[in-house]
Amino acid sequence: MAYVITDDCIACGSCIDECPVEAISEGDIYSINPEVCTDCGTCADVCPSEAIHPE
């Protein structure tokens, strides 16, 4: 199950540096490619706004 980034995202970039498979894309609100995400949860662990959750 891939993780998703909600509207609570503040686009701080913390998650991008932590993703081991580069599944996260930048934008006003970041997004996670579910076909690349390995469900490791590292991005959710570093998100300061708690905007990343399992899908």
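The values are calculated or read from the model by the stated rules, or taken from the named source; none is laboratory data. Keep in mind that this is a model prediction, so the values were computed, not measured. Accessible surface is based on the protein model in full, side chains and every heavy atom, while ligands, DNA and RNA are left aside. Shrake-Rupley method; radii C 1.70, N 1.55, O 1.52, S 1.80 Å.
Could you work out [θ]222 nm for the chain from helices alone, using -39500 (n - 2.57) per DSSP H run of at least four and dividing by all its residues? Round to the nearest 500 deg cm²/dmol.
After summing the helix terms and dividing by the residues of the chain, the value is -3500 deg cm²/dmol.
Reported to two decimal places, what Rg/Rh ratio describes the chain when computed on Cα atoms with Rh from the Kirkwood expression?
0.89
Give me the percent of accessible area attributable to carbon and sulfur for the range 7-55, probe 1.4 angstrom.
Of all accessible area on the range 7-55, carbon and sulfur atoms account for 40 percent.
Rolling a 1.4 angstrom probe over the protein chains, ignoring ligands and nucleic acids, what is the accessible area of S49 in square angstrom, nearest 10?
40 Å²
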